[in-house]
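A short reminder: the numbers here are calculations on the coordinates, not readings from a lab. Here the structure is a predicted model, which means the values were calculated and not measured. Cβ atoms come from the backbone with ideal geometry, glycine included; neighbour counts cover every protein chain shown.
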Amino acid sequence: MDGLVDLHFAEDIAPVRIAFAGAEITVEDGAWDDADFRVSGRLSHIVHLTTTPKVGGMPNPARAHGRAALARLTRGEIRLDGNRALGRKLLQLLEL
């Protein structure tokens with residue numbers, strides 16, 4: 001898994017940047033100028049998205065928690081921008 005990811009929170013919390021370089025993962029405060037994938041939203045919504053059961057790397061619509069996460073995405077309460085393949089891998093990783 002390779003790429004640069006930003007997590008931006010609606011609350012007054014510093015953004016988090018994650019660098020994936022093969023087997024190495026670096027997590028730091030701050031944001032990338034050229035992130036490959038960006039997640040934005042309220043901290044509680046982002047946590048809910050990461051803990052929701054997934055299918056194909058996205059929330060499972062057959063489960064109530066999955067439908068709730070998908071509804072937040074549809075309403076724009078959580079934004080996922082950038083490389084979709086990296087985003088799916090990120091969500092699968094965070095689900096563990």
Roughly how far apart, in whole Å, are the Cα centres of region 41-96 and region 17-31? 20 Å
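Compute the signed sum of charges (Lys and Arg +1, Asp and Glu -1) over the other residues within less than 11 Å, Cβ to Cβ, of I46. Please report the intermediate quantities before stating the final value.
Details: positive: R42, R72, R79; negative: E11, E77.
Result for the local shell: +1.
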Would you tally the net charge around N60, using a Cβ to Cβ cut-off of less than 12 Å, leaving N60 out, and scoring K and R as +1, D and E as -1? +2
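Contour minus end-to-end for S44 and H65, with contour as 0.36 nm per residue of separation and end-to-end as the Cα-Cα distance? The partial results should precede the final answer.
Values: separation 21, 0.36 × 21 = 7.56 nm, distance 1.33 nm.
Fully extending the segment from S44 to H65 adds 6.2 nm.
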Given 25 °C and 0.890 mPa s, compute D for the chain with the Stokes-Einstein relation, Rh being the Kirkwood radius over Cα pairs; round to the nearest whole µm²/s. 182 µm²/s
Working from Cα positions, state the angle (0 to 90°, nearest 10) between the long axis of helix 64-75 and the longest principal axis of the chain. 60 degrees
Taking a crude spin-label model, label points 7 Å out from Cα along the C-beta direction, the R88 to V55 distance in nm is 1.4 nm
Just to be sure I understand: of the beta bridges DSSP finds with both ends in the chain, what percent are antiparallel, rounded to 5? 80 percent
